[in-house]
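Engineer: Sharing a structure here in structure tokens format.
The values are calculated or read from the model by the stated rules, or taken from the named source; none is laboratory data. Given the structure is predicted, the values throughout are model-derived calculations rather than measurements. Neighbour counts run over all protein chains shown; Cβ positions are idealised from the backbone, glycine included.
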Amino acid sequence: MTAGSVQAHPYLLGMPLCFIEPQEAIRVVADAVGREARRQLLGEVVRAWVDEIPEDELAVHYAKAVEVLDDDDLSMLAAWHASLEVGQPIANKDFLLKAFGHLGEHRREALRIAAGFRGEDAFESGVSEEQAIDTVLPFLSQERMAELAAEAIEIYCWDRLGSDN
């Protein structure tokens, strides 16, 4: 080995180096991007959280999300229900909760939408994206966290390479 050269240790060859945990990478990206990119990242975090919820718990989480929605959000959620033709939608909590069981494969999407509205309302009342991310991340599996970290890096690049933020 000559002066000034660096040689990798044989045990490190071919081994990826990682200095940050996926959930920390997600937090770092959230802190480093503009408002629109943070909102997009939060949407991905919510999507990941909904994907991780066991089937038998979906209705409970949907009920919690719908419970705090205002009339405008309820109307938009009912309009989404109408697009699925699951009956004549009514923009009230009772209808939406009863219709949830009839959504079949669309139940997760209904929860994503309701949780997204809930998140927007939380932001308007002062809850930060950071608080929302910190609330959701502990519920994600390591595999999903790694996938989400990769998506966060893509969002970071999108934000830094020319979005309208």
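Engineer: Please verify whether residue 94 is in contact with an Asp or Glu (Cβ under 8 Å, 6 or more places away or on another chain), without any contact (Cβ under 8 Å) to a residue 60 or more places away in the chain and charged (D, E, K, R), treating the condition exactly as stated.
Structural biologist: Working: in contact with an Asp or Glu (Cβ under 8 Å, 6 or more places away or on another chain): no; without any contact (Cβ under 8 Å) to a residue 60 or more places away in the chain: yes; charged (D, E, K, R): yes.
No.
Engineer: Another question, if that's okay. For residue 155, which of the numbered conditions (1) of a type in the set (A, V, I, L, M, F, W, C); (2) part of a helix (DSSP H, G or I); (3) modelled with pLDDT under 90 fails to hold?
Structural biologist: Failed condition: (3).
Engineer: Tell me, please, whether a residue that is charged (D, E, K, R), at pLDDT below 90 and farther than 19 Å from residue 113 by Cβ can be found in the stretch 25-33.
Structural biologist: Yes, because at least one residue in the stretch 25-33 is charged (D, E, K, R), at pLDDT below 90 and farther than 19 Å from residue 113 by Cβ.
Engineer: Still on this structure: Can you say whether residue 119 is modelled with pLDDT under 90, of a type outside the set (A, V, I, L, M) and under 26 Å from residue 41 (Cβ atoms), as far as the supplied structure shows?
Structural biologist: Here the answer is yes, as residue 119 does meet what is asked.
Engineer: Another one. Kindly indicate which of 148, 96 is closer than 25 Å to residue 35 by Cβ and at pLDDT 85 or above. It would help to see each step written out before you state the result.
Structural biologist: Working: 96 fails: closer than 25 Å to residue 35 by Cβ.
After ruling out the rest, the residue left standing is 148.
Engineer: Here is a list: 85, 36, 105. Which entry is loosely packed, with under 15 Cβ neighbours inside 10 Å, without any contact (Cβ under 8 Å) to a residue 12 or more places away in the chain and in a helix (DSSP H, G or I)?
Structural biologist: Just one listed residue meets the conditions, 105.
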